[in-house]
Ligand SMILES: [Zn+2]
């Protein structure tokens, strides 16, 4: 089996063993897309949204999958709903991507309120002033920032800047252990560490653009021997 098929099997098992875990279905959907199993990916993304209707990025991926399958009516419905959800949560990147797809489909953008309201809900009575950027943060205006970056690297810094303390704790105390156990990740390997990081980025809603964490892999290239002359 290829590495991709292995991972699909792993996540399929995870989403069967822990059927209410939206991230398992989400990751499975992404891998199925990568493997060209678009119909199957659609089912996984739909399940993800049943579990977590505020996961704005998933509407985008589901919309893309449906466009791929020429199911444009369903794609339009998904993207229209997703655009509104993403806007309401301040998830600008997926919102704008879905906007572009709707334009391509020749569809109007849904009417949404302007951005001022969403900034305000972190201040005012009961607000902490901290806006957690995790797409499905359940803490809203009660979100509190962390005291320090929880891990000493670039992604730790990003978590400190963008993610609330309760979401971090939810990851650290619940999800991360589940992920390691259910995927049987060996964190001493690059593969295990990579899968773990990927899952953590999904949990926090980080796009791939997170800067590389370290430069430890920059080994000196094999030098010394000049190329042989023919
Ligand atoms: Zn949060």
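Laboratory data are not the source of any read-out in this text; all were calculated from the coordinates shown. All values reported here derive from a predicted model rather than from experimental measurement. Neighbour counts are summed over all protein chains in view; Cβ atoms, including those assigned to glycine, are modelled from backbone coordinates with ideal geometry.
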**Request:** Treat the count of other C-beta atoms within 10 Å as a stand-in for reagent exposure and order 87, 25, 68 from fewest to most.
**Result:** 68, 87, 25
**Prompt:** How many nm is it between the label spots at residue 3 and residue 73, if each spot is 7 Å from the Cα in line with the beta carbon?
**Reply:** 4.2 nm
**Asked** Measuring from centroid to centroid over Cα atoms, what is the spacing of region 147-167 and region 52-76 in Å?
**Response** 30 Å
**Message:** Can you sort 131, 198 from fewest to most other Cβ atoms within 10 Å of each residue's own Cβ?
**Reply:** 198, 131
